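Remarks on the structure that follows.
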Amino acid sequence: MTSPSDMLDTIENEYLLSCNFKFGIDYIYFNTEPYYGVRFEINEDAYKELPYTKGLNWIKSILLPNGNYIWFTDCNIPLREQEKEVNTMAYFCRSHEDINNINPVLIRENERSMFFKVSYSEHIYMVSRDLIERE
């Protein structure tokens, strides 16, 4: 019930810090975010990157109805491109429970729209560029 737990605190103090690891650079830990809050209201961070990973170029996250998704990312990919990837996943995850079978692939784009193919469908989905490239 403590945050962080006593076990994490011990691991951090005895192992990570003794090896000169730095929080936020070499490792991170945080509480999960609930999708539903008080009175089943949707968390204001739903379909967005979790606040704990913002600004980190080696780990990314997104809050979805079926959980907190966290993954390692290539730090050589510009942050703006990573944000577009998170926004794309968020867009397609809003109406699909099984995010493992989405895999959106950008097939073409113009100045107003982006066109995606997803693995679960033969259709091409047109998405407003503003939804993907939002700040």
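The values are calculated or read from the model by the stated rules, or taken from the named source; none is laboratory data. On a predicted model such as this, the values are computed, not experimentally measured, just so you know. Every residue, glycine as well, gets a Cβ built from its backbone with ideal geometry; the counts of neighbours run over all protein chains shown. These area figures cover heavy atoms from the full protein model, side chains too; ligands, DNA and RNA do not enter into them. Shrake-Rupley method; radii C 1.70, N 1.55, O 1.52, S 1.80 Å.
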**Message:** To the nearest 20 Debye, how big is the dipole of region 1-61 about its Cα centre, given +1 on the beta carbon of each Lys and Arg and -1 on that of each Asp and Glu?
**Reply:** 240
**Local electrostatic count, F115, Cβ distance below 12 Å [Lys/Arg +1, Asp/Glu -1]** = +3
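Strictly over 19 Å apart at the Cα level, which of K48/K117; K22/K54; K54/K84 would you flag in this model?
Working: K48/K117 22 Å; K22/K54 17 Å; K54/K84 14 Å.
In this structure, K48/K117 exceed 19 Å between Cα atoms.
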**Request:** Can you check how the C-alpha radius of gyration of region 8-118 compares to 2.2 N^0.38 Å, as a plain ratio?
**Result:** 1.26
**Request:** Rounded to whole Å and sorted largest first, list the principal axis extents of the Cα atoms in region 40-84.
**Result:** 39, 16, 15
**Request:** Work out from phi, with θ = phi - 60° and the Karplus expression 6.51 cos²θ - 1.76 cosθ + 1.60, the ³J(HN,Hα) of each residue of region 53-60, listed in order in whole Hz, and give x for Gly and Pro.
**Result:** 9, 4, x, 9, 9, 10, 9, 10
**Request:** Enter the accessible area of M126 (Å², nearest 10), with the probe set to 1.4 Å and all protein chains included.
**Result:** 120
**Prompt:** When the chain is fully extended, how far beyond the present Cα-Cα distance does F40 get from E122, taking 0.36 nm per residue of separation?
**Reply:** 26.1 nm
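Would region 1-60 count as rounded, prolate or oblate if I go by the C-alpha gyration tensor, calling it rounded below 1.5 in a/c and otherwise prolate when a/b exceeds b/c, oblate otherwise? Please report the intermediate quantities before stating the final value.
On the way: a/c = 5.52, a/b = 1.68, b/c = 3.29.
Oblate, because a/c is 1.5 or more while a/b does not exceed b/c.
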**Asked** Hey, if you put +1 on the Cβ of every Lys and Arg and -1 on every Asp and Glu Cβ in region 24-135, which of F115, F30, T88 ends up farthest toward the positive end of that dipole?
**Response** F115
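Within 10 Å, at most 13 other Cβ atoms, and a DSSP state outside H, G, I, E, B define an exposed site. Report the longest part of the chain free of exposed trypsin sites (Lys or Arg not before Pro). Intermediate results must be reported in sequence, preceding the final value.
On the way: sites that count: K22, K54, R94, R112, R134.
It runs 55-93.
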**Complete:** Residues whose modelled amide H sits under 5 Å from the amide H of L56, counting only those 5 or more places away in sequence or on another chain, are none
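Of the heavy-atom accessible surface of the chain (probe 1.4 angstrom), what whole percent is carbon and sulfur?
Details: 5010 of 9260 Å².
Answer for the chain: carbon and sulfur cover 54 percent of the accessible area.
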**Message:** Can you give me the angle between helix 79-93 and the longest principal axis of the chain, using Cα atoms only, in degrees from 0 to 90, rounded to the nearest 10?
**Reply:** 70
**Request:** Identify, among P78, L64, S5, the residue whose Cα sits farthest towards the positive end of the charge dipole of the chain, taking +1 on the Cβ of Lys and Arg and -1 on the Cβ of Asp and Glu, with the dipole about the Cα centre.
**Result:** P78
**Asked** Could you give the longest part of the chain that holds none of the chymotrypsin sites (Phe, Trp or Tyr not before Pro) found in DSSP loops with at most 16 neighbouring Cβ atoms within 10 Å?
**Response** 59-119
**Amide proton proximity set for F30, modelled H, under 5 Å, gap of 5+** = none
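Using unit Cβ charges (K, R positive; D, E negative) and no other charged atoms, how large, in debye to the nearest 20, is the dipole of the chain about its Cα centre? Don't jump to the answer; show the numbers that get you there.
Details: 13 positive and 22 negative charges, 95 e Å.
Using Cβ point charges on Lys, Arg, Asp and Glu, the chain gives about 460 debye.
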